[in-house]
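Okay, structure first, notes after.
Taken together, the values in this text are just the output of simple stated rules run on the coordinates, not laboratory data. Worth saying up front: this structure is predicted, and the values here are computed from it rather than measured. We place every Cβ from the backbone using ideal geometry, glycine too, and count neighbours over all the protein chains shown.
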Amino acid sequence: MPDRPLFTPEELDRLGRLPETDLVEFAVELDIAVPETIDLVELMEAALVELANRARSEGLPISRYDEEDLHALSPAELAGLAELCGTKPTVRALLKAGARTWRAHRKRRRSSPIAMMLPMLLPALARYAARLREE
C-alpha cells in the first residue's frame, strides 16, 4: 500500500462504527481472508485492492444515490475510477455503467455487501484508483 493514507480519519471513524459482522461479511464477499483479530485499516486497504479488481472485471454497483459523491471527486479521482470501470471519466458515464452492474448484483445476491459498503468506500477507492494511474 502507498505511504500516504487512503482513508481520512472521518472515513475510518465511520467504518469503525460498523458491526464487525458487517465487515466480515463484506471481506468474505471479496474473498479476503479475515484474521481472528481485525485490523480495520489493513482490512479496508485489502478491500480497496479487491474492489479495484472487481471494478475491472465486473464494474461497480454505483447508483444515482452516489451522484453527489461522484461530483465531489477530483478530476484525477474520477478518471481513475472510470478507468477501473472501463468507462468515460464523467459522472454520467459512471452512473450508467454502475446501473448495469447494480442490476447484475441484485440478480446474484439481493443484499450484496459490496453494494451496501461502496458508498462509504467510494472516495477512498477513487483516491486509490488515482494513485494506480500515477504509478
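Things worth noting here:
- Under Karplus coefficients 6.51, -1.76 and 1.60, residue-wise ³J(HN,Hα) of the range 49-56 in Hz, glycine/proline x: 4, 5, 4, 4, 5, 5, 4, 5
- Taking packing as the residue-averaged number of other Cβ atoms within 10 angstrom, the listed peptides 93-103, 32-42, 122-132 run from highest to lowest as 122-132, 93-103, 32-42.
- Dipole of the range 2-135, positive end: most advanced residue of Met117, Ala104, Met44 [Cβ charges, Cα centre]: Ala104
- Helix-only CD estimate at 222 nm, as mean residue ellipticity for the chain, using -39500 (n - 2.57) per DSSP H run (n ≥ 4): -22000 deg cm²/dmol
- Only Lys, Arg, Asp and Glu carry charge here, each on its Cβ (+1 for the first two, -1 for the last two); on that basis the chain has a dipole of about 1060 debye about its Cα centre.
- Every pair of different Cα atoms in the range 9-134 enters the Kirkwood calculation, which places the hydrodynamic radius at 14.6 Å.
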